[in-house]
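These notes concern the structure reproduced below.
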Amino acid sequence: MAETYVIPIGNIPSRKLRKTVKVFIKGEDVFLFDDDGHEFGVTLEKNQLILKHDV
C-alpha cells in the first residue's frame with residue numbers, strides 16, 4: 001500500500017520560498033523522513049509537491 005500526499009505550491013506563503021523549493025526539487029532526488037523513520041520521495045508535478053511513501 002502506498003501513501004501519497006499532495007501539497008499545492010501555492011500553499012507556500014512566500015514567492016521567494018516557492019521558487020527556491022521548485023529549483024531545489026527540480027533536478028535532484030529529494031527524500032523526507034518522518035519522526036518514525038519512514039521515507040518519502042518528493043517530486044514536483046503540475047505545480048504541486050508530491051510526497052510518496054511505499055510500504
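The values are calculated or read from the model by the stated rules, or taken from the named source; none is laboratory data. Bear in mind that the values here come from a model prediction, so they are computed numbers and not experimental data. Here the Cβ is made from the backbone with ideal geometry for all residues, glycine too, and neighbour counts use every protein chain on show. Just the protein is used for accessible areas: all its heavy atoms, side chains included, with ligands, DNA and RNA removed. Shrake-Rupley method; radii C 1.70, N 1.55, O 1.52, S 1.80 Å.
Within the range 1-17, is there a residue that is open to solvent by 50 Å² or more (accessible area, probe 1.4 Å), modelled with pLDDT under 90 and assigned to a loop (DSSP other than H, G, I, E, B)? Checking the range 1-17: at least one residue is open to solvent by 50 Å² or more (accessible area, probe 1.4 Å), modelled with pLDDT under 90 and assigned to a loop (DSSP other than H, G, I, E, B). Close Cβ contacts (under 8 Å, 6 or more residues apart or on different chains) running from residues in the range 18-35 that are under 14 Å from residue 51 (Cα atoms) to residues that are part of a loop (DSSP other than H, G, I, E, B) comprise 21/12. Here residue 50 clears all of (1) free of Cβ contacts under 8 Å to residues at least 12 places away in the same chain; (2) open to solvent by less than 80 Å² (accessible area, probe 1.4 Å) except the condition numbered (1). Mind listing just one residue for me: the one in the range 25-40 that is of a type in the set (D, E, K, R) and not in a loop (DSSP other than H, G, I, E, B) and, of those, most open to solvent (accessible area, probe 1.4 Å)? Per the criteria, the residue is 26.
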